[in-house]
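One structure is given here, and the rest of the page talks about it.
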Amino acid sequence: MNIIGPDYLVFGVDDVAACVQYLTDYGLKPVDVDENGGYLQALDGTGVLIRHREHPGLPPAMDTANSLRETVYGVADEAALEAIEAELAKDRNVIRGEDGVLRTVDDMGFALGFQLTTRRTLDMPAEAINAPGSEVPNRPVNELGASDEMPALPRSLSHVVYFVPDAAKAEAFYARLGFVCTDRFTGVGPFLRPAGTLDHHTLFFIQTPPFMKGIEHFTFHMGGPTDVMIAGTRFLEKGYESFWGPGRHQFGSNWFWYFKSPMGCNVEYDADMDLHDDRWSAREAPMSADKSQYFLFEYREKWAPGGPPPKS
């Protein structure tokens, strides 16, 4: 089943204006947004749909504080949609909406959709570096590696992380759809990759008590670690609160910086995630600070040598 990855997420929230402003400041572009919410997109068209929690068109809310109402995956072709429909119709209701989205509910109660992907193919350079020992500079002579004018915009919806009461059951459901485990935290949950991408993961489960069930965070890929640092710094300067980072994960190797959000979950910037194919053998490790990141920075206000020390 050629599932590529999440095309968009749907949220039902209390404060539509605050969520729209947050995602705009994060770097997404508003599309047809008004007082009722609307769609905010990354450079490839993937994005987030914000509605009020009482909006009549939303899937039913969970019985927890979760504000995520639907995750819609993009697939490569009609054959993939038909294969998904045939598999899931064996034991649950599956409905094809007028918008072309194939909708159902997974075994944890998350509303789930699949559509012919609408993401645009990007033709953009990755962050380039210069390193001793490299025969040819990756960045041309006289081209700056960073500047205050860098756009540092989200490129593509990367992954979503769920709190679930039964990670093994949740994993088994997505395995039916061709998701494979790339790495695993023992007793916590797996990182899962669908067949249509080489990204280390588009989905991760964290085992929690039932009352916590919902979204923990979602993230968009950036062009490189400098994009993460610049976008995160700009976000902080707008008054948003850092939750974790910046740093670099071990499983996936992606750079990260997480921020608290008015959607009731965290939102991450990430960059430079590992790519894997079917030759990869999943690793397993206990969850710990040492295994969660290679290193972790703490943001401080800018300063210059000779001036007063930076604030803690």
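Restricting the first residue to the range 113-134 and requiring it to be farther than 21 Å from T46 by Cα, which pairs with a second residue that is surrounded by fewer than 15 Cβ atoms within 10 Å (Cβ to Cβ) and of a type outside the set (F, W, Y) meet a Cβ separation below 7 Å and a spacing of at least six or different chains?
Close Cβ pairs satisfying both conditions: A128/N138; A128/R139; I129/N138; I129/R139; N130/P137; N130/N138; N130/R139.
Which residue, of F218, F205, F251, F259, is touching a residue at least 24 places away in the same chain (Cβ under 8 Å), crowded, with 18+ Cβ neighbours inside 10 Å, outside any loop (DSSP other than H, G, I, E, B) and touching a His at 6+ places or on another chain (Cβ under 8 Å)?
Values: F205 fails: touching a His at 6+ places or on another chain (Cβ under 8 Å); F251 fails: outside any loop (DSSP other than H, G, I, E, B); F259 fails: touching a His at 6+ places or on another chain (Cβ under 8 Å).
One residue alone meets the criteria, F218.
Answer with yes or no whether A231 is crowded, with 18+ Cβ neighbours inside 10 Å and not in a loop (DSSP other than H, G, I, E, B). So that I can check it myself, show each step before the final result.
Details: crowded, with 18+ Cβ neighbours inside 10 Å: yes; not in a loop (DSSP other than H, G, I, E, B): yes.
Answer is yes for this residue.
Does the range 229-248 hold any residues that are free of Cβ contacts under 8 Å to residues at least 60 places away in the same chain and among the aliphatic types (A, V, I, L, M), and which are they?
M229
Given the residues V105, V48, V94, which is the only one that is crowded, with 19+ Cβ neighbours inside 10 Å, at pLDDT 95 or above, on the phi < 0 side of the Ramachandran plot and hydrophobic (A, V, I, L, M, F, W, C)? Can you show your working first?
Values: V105 fails: crowded, with 19+ Cβ neighbours inside 10 Å; V94 fails: crowded, with 19+ Cβ neighbours inside 10 Å.
Matching residue, one of V105, V48, V94: V48.
Would you check if there is a residue in the range 135-148 being in contact with a strand residue (DSSP E or B) (Cβ under 7 Å, 6 or more places away or on another chain), surrounded by fewer than 12 Cβ atoms within 10 Å (Cβ to Cβ) and either among the polar types (S, T, N, Q) or modelled with pLDDT under 95 (or both)? Walk me through how you get there before you give the answer.
Filtering the range 135-148 down to residues in contact with a strand residue (DSSP E or B) (Cβ under 7 Å, 6 or more places away or on another chain) leaves none.
Looking through the range 135-148, none of the residues is in contact with a strand residue (DSSP E or B) (Cβ under 7 Å, 6 or more places away or on another chain), surrounded by fewer than 12 Cβ atoms within 10 Å (Cβ to Cβ) and either among the polar types (S, T, N, Q) or modelled with pLDDT under 95 (or both).
Being under 30 Å from G189 (Cβ atoms), touching a helix residue (DSSP H, G or I) at 6+ places or on another chain (Cβ under 9 Å) and either of a type in the set (S, T, N, Q) or not in a loop (DSSP other than H, G, I, E, B) (or both) is true for just one of T118, T64. Which residue is that? Before the answer, list the steps.
Numbers: T118 fails: touching a helix residue (DSSP H, G or I) at 6+ places or on another chain (Cβ under 9 Å).
Going through T118, T64 in turn, the sole match is T64.
Kindly establish whether G113 is buried (at least 20 other Cβ atoms within 10 Å of the Cβ), in contact with a helix residue (DSSP H, G or I) (Cβ under 6 Å, 6 or more places away or on another chain) and not aromatic (F, W, Y).
On the way: buried (at least 20 other Cβ atoms within 10 Å of the Cβ): yes; in contact with a helix residue (DSSP H, G or I) (Cβ under 6 Å, 6 or more places away or on another chain): no; not aromatic (F, W, Y): yes.
No; evaluated as a whole, the condition is false for this residue.
Select, from A195, A172, the only residue that is under 22 Å from F114 (Cβ atoms), part of a helix (DSSP H, G or I) and either more than 16 Å from the chain's Cα centre (by Cα) or aliphatic (A, V, I, L, M) (or both).
On the way: A195 fails: part of a helix (DSSP H, G or I).
Result of the check over A195, A172: A172.
Could you list all residues from the range 25-37 that are on the phi > 0 side of the Ramachandran plot and either buried (at least 17 other Cβ atoms within 10 Å of the Cβ) or in a loop (DSSP other than H, G, I, E, B) (or both)?
Applying the first criterion (on the phi > 0 side of the Ramachandran plot) to the range 25-37 yields 27, 32, 37.
Scanning the range 25-37 gives G27, G37.
If you check F243 against the conditions, is it under 13 Å from Y162 (Cα atoms) and assigned to a strand (DSSP E or B)? Break it down stepwise before answering.
Numbers: under 13 Å from Y162 (Cα atoms): no; assigned to a strand (DSSP E or B): yes.
For F243, the condition - under 13 Å from Y162 (Cα atoms) and assigned to a strand (DSSP E or B) - is not met.
The values are calculated or read from the model by the stated rules, or taken from the named source; none is laboratory data. Because the structure is a prediction, the values reported are computed rather than measured. When we count neighbours, we look across all protein chains shown, and the Cβ atoms used for this are built from the backbone with ideal geometry, even at glycine.
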